[in-house]
1. Would you grab the residues whose amide H sits under 5 Å from the one on B:Lys349? Only those 5+ places off in sequence or on another chain, please, with H modelled 1.01 Å from N.
2. In peptide A:33-46, how many Cβ atoms from other protein chains are near each Cβ within 10 Å, on average?
3. Just need the Rg to Rh number for the range B:41-132, please, alpha carbons only, Kirkwood Rh.
4. Determine, for chain A, the count of lysine pairs separated by eight or more sequence positions (or lying on different chains) whose alpha-carbon distance falls under 12 Å.
5. Spelling out what I want: for every residue of the range B:149-160, take phi, set θ = phi - 60°, compute 6.51 cos²θ - 1.76 cosθ + 1.60 (Karplus), and round to whole Hz; glycine and proline get x.
6. Using a simple spin-label model with points 7 Å from Cα along the Cα→Cβ vector, what separation in nm is obtained for B:Ile9 and B:Ile266?
7. If you count, for each residue, the other Cβ atoms within 10 Å and average over each peptide, how do B:103-114, B:188-199 line up from highest to lowest?
8. Taking amide H atoms as placed 1.01 Å from N in the peptide plane, list the residues 5 or more away in sequence, or in a different chain, whose amide H sits under 5 Å from that of B:Leu118.
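The values are calculated or read from the model by the stated rules, or taken from the named source; none is laboratory data. Here the structure is a predicted model, which is why all the values come from computation and not from measurement. All Cβ positions, even for glycine, are placed from backbone atoms using ideal geometry, and neighbour counts span all protein chains on display. What goes into the accessible areas is simple: the full protein's heavy atoms, side chains included, and nothing from ligands, DNA or RNA. Shrake-Rupley method; radii C 1.70, N 1.55, O 1.52, S 1.80 Å.
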Amino acid sequence: MEELDVRGLSCPEPVLQLKPLIDKNVETIKILCSCGTSSENIQRIAKNHNYEVNILENGEDCVYLLNKKEVLG
Amino acid sequence: MKLAFLPIIAGVIFGVTAPILVYFGNPGNMGMCAACFTRDIAGAISLHQIGTLQYIRPEIIGLIFGALIASFIFGEFRARSGSAPIVRFMLGAFAMIGALVFLGCPWRMWLRLSGGDLSAIAGIFGFLAGVIIGLVFLKRGFSLGRNRPTSKIVGLAFPIFAFILFALLMWGVFDNNTLIKESTKGPASQHAPLIISLIAGLVLGGIFQRSRFCTIAAFRDSILFKDTHMLQGIIALIIVAAITNMALGSFHLGFINQPIAHNDTIWNFLGMLLSSLAFTLAGGCPGRQLVLAGEGDGDAGVFVFGLLFGAAFAHNFAIASSPAGITANAPITVILGIIFCLIVAIFAKERRV
């Protein structure tokens, strides 16, 4: 599992740091980010790349666990 | 492709509202311009002395308070600051200078186009070039560093400033013996009735906060991640604003004699390039920065103070354009601004502890 801390970074840095992990097809990514715009962008790009998004914490900071979904067929 | 519900709604509401504000009195193709209106506020509080550009635009106050209220309602007010404030201030100043050479922020660029002003096209290419240059550096690891959560009062400092502006505006309404200035002729004297402007600002601030509406993100994310989420909002804005302009009879196709615009292709291009490069490095367009400042981002607040400073600088030193064209001082300032942005872009990296 890879961990990524992108709290407090301006757009689009959080997603720019996440994208290489997604491109490497990392199975599980735990990501700490500031809630708001960057967390929405993270969830959107993860879902677009076939990751399941589990919300672990949703307070001042957001913590997400991204799991690569099995591609059927 | 999934339809981006909130950005499209934001684009549609903005596309209808902006031409209606022009119909009610705002200057042509300037229903809502984050740069021009901030410039007018700079004049109203005597940061510059151009008699025709002085009015505390209620749209800007409404925008900040709309964002503040929406962020409180939806539990998204987050006081934060501490990410390279001085650089953000200077990026704000140069972004404003670029915008005033072009004559409009990215919002007004699209509104100009939707009113038939083809001189905006050079600006659009400059805008795209600025975003792309910014992206090259973002991909290389450019970062202004992290902000941190802070006390609520720090996050509220900028909304308090907006409230002071509102109090000054009200003072002028009820008492002629006011500190602030208000143009009696020229662009700043053209304005929709105060209450309409304020409500329009509040509504837009709320919907922009919810939708994260950002003209920079629209293109940045489309190019970087093939994510058209925000771009759909901009397309909705352009189409709806054009239709509304046609319905209101304010659509005039052409390159010349457009309201508060000039047709100097090179400097429309380079002015907007400087502006959008600065916005890209700062993480969002001026409207987005106003909304972020409203929802507790102190660094975005500093950026907006940079915009005010840039507006004052642009008019105190005859850098800002007019419908007659650019000034003699504009080229050197725009070039200096681009150099500043490039230096920041090259050297600013996050220090990893």
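1. B:Ser143
2. Per residue, the number of nearby Cβ atoms from other chains is 4 on average.
3. Ratio of gyration radius to Kirkwood radius: 1.02.
4. Taking the Cα cut-off of 12 Å, the pair count is 4.
5. Listing the rounded values in order: x, 9, 5, 4, 5, 5, x, 8, 4, 5, x, 5 Hz.
6. If labels sit at B:Ile9 and B:Ile266, their model points lie 4.7 nm apart.
7. The most tightly packed comes first, giving B:103-114, B:188-199.
8. B:Gly254, B:Phe255
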